[in-house]
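Structure, as C-alpha cells:
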Amino acid sequence: MPELPPPITVVGIGADGWPGLAAGSRAVLREAEVVVGGPRQLNLLPRDEVTAERIPWPSPLRPAAPGLLAAQAGRRVAVLASGDPMFHGIGRTLAETVGAERLRILPHPSSVSYACARLGWPLEATEVVSLVGRPLDTLSPALHPGRRLLVLSADAATPAAVAELLTARGYGTARLRVLEQLGAPAERHLDGPADGWPHPPGDPLNVIAVDLGDGPRTSLVPGLPDAAYESDGQLTKRHVRAATLATLAPSPGELLWDVGGGSGSIAVEWLRAHRDCQAVSIERDPARAERITRNAAELGVPRLRVVTGPAPAAFAELPTPDAVFIGGGLTAPGLLDGCWAALRPGGRIVANTVTLESEALLTEWYRRHGGELVKLAVAHAVPVGGFTGWRQAMPVTQWSAVKPEPDVLKPETPEPETPEPATRQENAS
C-alpha cells in the first residue's frame, strides 16, 4: 500500500495573533516547513519562532489551491485561517478541493463566538449573514422585526452600507454595533442607529451586530404580495404562486429552471425557501430579464441567475434541473419536450396556463405521463354598487408530474433446463 502524504494542518488564528494561539497550534506552526495564508495572517507569526517558508494565497484562491498544495508534496504544510476554519472559512474550500481526509483542523474561536460573548447574545439564537464576497442584498431575507443579526463584513465600508440598506428597507431605527479587531489589543466598539449612521469607515476586520427592532413584516412562506414585485403584468399572482411553489416543493440544494420568467416571482420565492436553493430564470425579453434581476435583488436573492433568450434554445449548457416551472410559451415548438428531456429522473415539472390551446397540450401530456391536472380558480370580493360581489380571475390550468426513474435492468433469469427423458430403469425405480 502506498504511503499516505502527510496531512495539511489548518490552524485557526484570531486578531490577537500568536499570543492567542493554543500550545498545540503553536507547535504545529513551529514544526511546519511551509505556512500558507493571507498576508495579514502571515504577518501575525513571529519570524524568530516560525521559520517556515511563507506563501501568500493567490487570487482567485479556489482554483489555485490544489496546485499550490500539490507543489508542496512531502513537506509539512500548515494553512492559516481566520478564527474557526470551518465557519465561513477556508476549511470548507480546502475540504472541497483537496479532500477532507487530507486535513487536520485546529480551530480558534470565531469572530461570531467573540461577538456573542461581548454582547451576551446566545449563539444558537443569533442569525449570521456573511457579506464577504456576496452582494449587500443578501442581507434582506434576514430582516424581520425584533430579530438580532451578526453580519460578517467584507471591509471597512460595510457598516455604512448595511446602515443604508436597513434604512431603505424600513429599519432605520435598528441599532448597530460594530465590533472591530475582536480579541486583539486594538479591539474597538462603535454604536449608533442605522438611520444617520454617524461613524466613518474604521478597521476592515469587523463584525456588525444588528438589533432590528421595529420594521416591516415579511412572510417566510411563498405567496408574497403582488405589490412586492415590479411587473408589467406578466406575474404569477399571489394565490396561484403559493400553490405553484407548494407543488414544486423546493428542498435545500436543489436547482429550479423558471422558464418564461416574466417578473421572476417563482424563481425568487424558490430561492427564498432556503439559502442553499438555486435557480435559473429563462426569459426571452431583455426588458423583463432586467426586471427579474431587480426583483431578485430587492427581495434578497441576488444569486438568481437570469438567462436572456428563447426557450428551448436557451437551455444549452445549463445545469440539470431538479425542478422545472413553465409559466409561459407552452406552445413554442419543442418547449415541453426540451424541459422534460432536461429534467433529472425523479425531478418535478409544473406548467401553468390560462389559454385553451395550452390547456389542450397539457391535457395530452397528462394522458401520456400522468401526474396531476388541476384547475386553480381565485375570486376577489369587490364593490358592486352599494354591495359586494365576486370578481373571478382567469382560471389557471396546472399540470404537474414527477419524471420517472429509468428502469433498472434486471439480470436475465435462465430458463430451466428441460430434463432428459427418463430411462426405462429410472421409470421402474
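The values are calculated or read from the model by the stated rules, or taken from the named source; none is laboratory data. Owing to the predicted nature of the structure, the values given are computational and were not obtained by experimental measurement. Methodologically, a virtual Cβ is constructed for each residue, glycine included, from the backbone with ideal geometry; neighbour enumeration extends over all protein chains shown. With ligands, DNA and RNA removed, areas are computed over all heavy atoms of the protein, side chains included. Shrake-Rupley method; radii C 1.70, N 1.55, O 1.52, S 1.80 Å.
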Taking Cα centroids, how far is segment 27-42 from segment 329-355 in Å? 53 Å
Give me the distance in nm between label points sitting 7 Å out from Cα along the Cα-to-Cβ direction at Arg188 and Ala125, one decimal. 3.2 nm
Given a Förster distance of 60 angstrom, what is the FRET efficiency for Arg294 paired with Arg30, based on the Cβ-Cβ distance and rounded to 0.05? 0.65
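Ranked highest first by average number of other Cβ atoms within 10 Å, how do 256-263, 169-176, 126-133, 143-150 line up?
Working: 256-263: 27.9, 169-176: 18.9, 126-133: 15.4, 143-150: 17.2.
In descending order of packing, they fall as 256-263, 169-176, 143-150, 126-133.
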Residue by residue through segment 180-193, which ³J(HN,Hα) values in whole Hz follow from phi under the Karplus form 6.51 cos²θ - 1.76 cosθ + 1.60 (θ = phi - 60°), with glycine and proline marked x? 9, 6, 4, x, 9, x, 8, 3, 8, 10, 10, 9, x, x
Gaussian network model of the chain, springs between alpha carbon atoms under 10 Å - residue of Pro250, Pro63, Pro193 with greatest fluctuation: Pro63
In order over segment 122-128: 3J(HN,Hα) from phi, Karplus 6.51/-1.76/1.60, θ = phi - 60°, whole Hz, x for each Gly or Pro, gives x, 4, 5, 9, 10, 7, 10
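Using a 1.4 Å probe over the heavy atoms of the protein chains, calculate the carbon and sulfur portion of the accessible area of segment 151-272 as a whole percent. Spell out each step's value before the answer.
Details: 2710 of 5000 Å².
Result for segment 151-272: 54 percent of the exposed heavy-atom area is carbon or sulfur.
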Could you tell me which label, among (1) -0.39, -0.51, -1.23; (2) -0.29, -0.39, -1.31; (3) -0.25, -0.34, -1.25, carries the value of log10 I(q)/I(0) by the Debye sum over Cα atoms at q = 0.06, 0.07, 0.14 Å⁻¹ calculated for this structure? (1)
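Between Arg303 and Leu376, what FRET efficiency follows from the Cβ-Cβ distance if R0 is 45 Å, with the result rounded to 0.05? Spell out each step's value before the answer.
Numbers: r = 29 Å, r/R0 = 0.64.
Computed FRET efficiency for Arg303 and Leu376 comes out at 0.95.
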Please list, by residue number, every one of the trypsin sites (Lys or Arg not before Pro) in segment 261-321 that is coil in DSSP and has at most 16 other beta-carbon atoms within 10 Å. Arg275, Arg303
Show that you can apply the helix-only estimate: for the chain, add -39,500 (n - 2.57) for every DSSP H stretch of four or more residues, divide by all residues, and state [θ] at 222 nm to the nearest 500. -7000 deg cm²/dmol
